[in-house]
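**Q** Take this structure first; my questions come after.
Throughout, read-outs are computed from the coordinates displayed, never taken from laboratory work. For clarity, every value in this text was computed on a predicted model and none was experimentally measured. Positions of Cβ are backbone-derived with ideal geometry, glycine not excepted, and every protein chain shown enters the neighbour counts.
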Ligand code: PCA
């Protein structure tokens, strides 16, 4: 009896060790808060990976820049401080314009255009990231970007002089071109930046307007639908290659599902979150033709300036996108 119990105990131990040896936890830094649909989609991705691998790979999501600041996430994955992470793709535009094309005004302003742009970007971005030992897993767009202000904006000239919140270099250029003064502010810091008067206007999605409670500090929202920028989830290639083949496949399958689900979530967000802005007292203003014309001229100039110094890769994306 004792012998049998002893045998059972050591068998259990061996089993435990075997499971322990293959079970892995991946820390995953992300920039946006838990209430944001991107984070919810990533939480589902993590749950799918855990289920498909029987717990052999568990992804712990660290949201809202809590593990690494947004600007440090890419390099943290590159240097394998963490195996996986999420960031706003166009923040890499300073490395190559190919990464920033989804944040140029009116190049791709609807979901259908955004899908075509991503199809053109994906193979080239995959190659560019591979040089840094990174592999994209999935990319998901924010709803089209709209204009938040404290007054009605009828023409581009009405934006002059405003203290403008920016989230990347393109938005900084945009603000400068309209005569506003840009300040970089991460999404979780928006309420604080408005409360302290650091900024007084912004361009972002209805999702971010709602998650930052724009009605506490702004009065007008205009769905100019100027661009559809994406978040991307990347994995360190060495960390990925070190996984067992079945686990690698489970990650890729969950990633494909996350990309499809994320685009669906994003499409559903645009109207739902605009309605929440209105319910909370924000005046939703249909943009005037004059405003849209002015914005489109700025977009055309930004594209021209971008292409003037862009890599062959970035040009190839624009050509493929336009040729479609
Ligand atoms: N929300 C993020 C990026 C784009 C968006 O819609 C932000 O405002 O930082």
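**Q** Calculate, for residue 293 and residue 110, the FRET efficiency according to 1/(1 + (r/R0)^6) with r their C-beta to C-beta distance and R0 22 Å; round to the nearest 0.05.
**A** Between residue 293 and residue 110 the formula returns 0.75.
**Q** Taking Cα atoms, how many degrees apart are the long axis of helix 2-22 and the longest axis of the chain, rounded to 10 and kept between 0 and 90?
**A** Taking Cα atoms only, the helix is inclined about 30 degrees.
**Q** Provide, as a two-decimal number, the C-alpha radius of gyration of the chain over 2.2 N^0.38 Å, N being how many residues it has.
**A** 1.12
**Q** Going by Cα centres, region 75-95 and region 235-270 are how many Å apart?
**A** About 16 Å separates the Cα centre of region 75-95 from the one of region 235-270.
**Q** Output the 0 to 90 degree angle, nearest 10, between the alpha-carbon long axis of helix 245-279 and the longest principal axis computed from the alpha carbons of the chain.
**A** 30 degrees
**Q** At q = 0.28 Å⁻¹, what is the base-10 log of I(q)/I(0) for region 153-213 according to the Debye formula with one equal point scatterer per Cα and no solvent? Please give it to two decimals.
**A** After summing over all Cα pairs, the log10 values are -1.23.
**Q** Taking only the alpha carbons of region 73-142, what extent do you get along each of the three principal axes, in Å, biggest first?
**A** Ordered largest first, region 73-142 gives principal extents of 36, 20, 18 Å.
**Q** Only Cα pairs under 8 Å and at least 6 apart count here; give the relative contact order of the chain as a rounded whole percent.
**A** 25 percent
**Q** Which length gain, in nm to one decimal place, applies between residue 25 and residue 283 when the Cα-Cα distance is subtracted from 0.36 nm times their residue separation?
**A** 88.3 nm
**Q** Place a point 7 Å from the Cα of residue 316 along the Cα-to-Cβ direction; which residues of region 104-124 have their backbone N under 13 Å from it?
**A** Residues 120-124 fall inside that zone.
**Q** With runs of 4+ DSSP H residues as the only contributors, calculate the mean residue ellipticity of the chain at 222 nm using -39,500 (n - 2.57) per run, divided by the residue total and rounded to the nearest 500.
**A** On the way: 11 runs with 159 residues, N = 324.
The per-residue figure over the chain is -16000 deg cm²/dmol.
**Q** Here's another thing I want to ask about it. Taking R0 as 35 Å, what FRET efficiency do you get between residue 213 and residue 51 from their Cβ-Cβ distance, rounded to the nearest 0.05?
**A** Between residue 213 and residue 51 the formula returns 0.55.
**Q** At R0 = 41 Å, how high is the FRET efficiency between residue 150 and residue 267 if r is their beta carbon distance? Nearest 0.05 is fine.
**A** My answer for the efficiency is 0.90.
**Q** Hey, could you grab the Kirkwood Rh for region 161-265? Inverse mean 1/r over distinct alpha carbon pairs, Å, one decimal.
**A** Evaluated on region 161-265, it is 16.4 Å.
**Q** Still on this model: Two decimals is fine: what is log10 I(q)/I(0) at q = 0.17, 0.25 Å⁻¹ for region 219-303, from a Debye sum with one equal scatterer on every Cα and no solvent?
**A** Log10 of I(q)/I(0), two decimals: -0.87, -1.21.
**Q** Along each principal axis of its Cα atoms, how long is region 74-226 end to end? Whole angstroms, biggest number first, please.
**A** For region 74-226, the Cα extents along the three principal axes come out at 46, 32, 25 Å.
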